[in-house]
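See below for the structure under consideration.
Bear in mind that the values in this text are calculations on the coordinates, not laboratory data. Worth saying up front: this structure is predicted, and the values here are computed from it rather than measured.
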Amino acid sequence: MPTALEALFVKTKSENRAVLIGYIPAGFPNQKSSKKILKAMIDGGIDAVEIGYPYSDPVMDGPVIQAASEEAIKNGAGVNAVFDLLQEGVKQGIPSMVMSYWSPIEKYGVENFSKKVSELGGSGVITPDLTVEESNEWLSYSKTFDLNRIYVVAPSSSSERLSKVTEQCSGFIYAASLMGVTGTRDSVSGNARSLVERIRKVSNTPVAVGLGVSTKEQASEVAKYADGVIVGSAFIKIIQEFGAGRTGLKKVKQLAKSLSEGVRNVK
């Protein structure tokens, strides 16, 4: 049986469009608000969600997500908040994943974590700092509980490395590349495009790109060459600026709607 995530990529391929994946840290700015934000993202048109496990030292995240993680932790968010929000995503009818550094998963117990994600109807887990060489336990339990294993690859990865990592990915491959500041976007975006092209040479698994996409135009540009577009910081910035009340939620929904049009409107 394919996971909900795998089925989604099959569906969007038949519709000749990319998947729009939203990201939100559990418990940001607090647990009650994070559920409302998730609903606004879904109402706006995201196809799938990554639930971030707030981590005290998120070395691979930008300053926006770092600040959101810190706020969530300060408000008591931990593993229960992650599972709670994951369940909410599933209940709202979209493929839902956890994105977590490896340390909290190891602390919880790899088997227990895998089992819980599966029981709640989650599709899989994105593990940004886990190498395939250290994945024996995760490979084993993800297979046992039918979960997608989503590893992150970067432009710096050698072709040999890409081949090795993508072989173990399922659901999709997370291609990470920074958009950079305005003005350097085109060259950095070319960086992402070439990474996707390199991945395609070694794998048939769908590729989703996370690179600071924040506008309909950028979503449309990435959707031309990738199977999925991942957006996180842009949603978080809205809440940081406008709060999680009516105004913030309305703007989150509007952004999701605009990005959703972007992944469909590929010239």
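Under the rule of -39500 (n - 2.57) per DSSP H run of 4 or more residues, summed and divided by the residues of the chain, what mean residue ellipticity at 222 nm is obtained, to the nearest 500 deg cm²/dmol? Calculated from helices alone, the mean residue ellipticity at 222 nm is -16500 deg cm²/dmol. Taking all Cα pairs closer than 8 Å and separated by 6 or more residues, the relative contact order of the chain comes to 23 percent. Comparing Cα centroids, the range 1-62 and the range 85-124 end up 12 angstrom apart.
Using a/c under 1.5 as the rounded threshold, could you call the range 1-120 rounded, prolate or oblate? The axes a ≥ b ≥ c are square roots of the C-alpha gyration tensor eigenvalues, and prolate needs a/b larger than b/c, oblate otherwise. It is prolate, given that a/c is not under 1.5 and a/b is the larger ratio. Compared with the direct C-alpha span, the chain from Asp57 to Ser140 gains 27.2 nm at full extension, assuming 0.36 nm per residue.
Need one word for the chain: rounded, prolate or oblate. Basis is the Cα gyration tensor (sqrt eigenvalues a ≥ b ≥ c); a/c below 1.5 gives rounded, then a/b vs b/c decides. Taking the square roots of the gyration eigenvalues as a ≥ b ≥ c, the chain is rounded.
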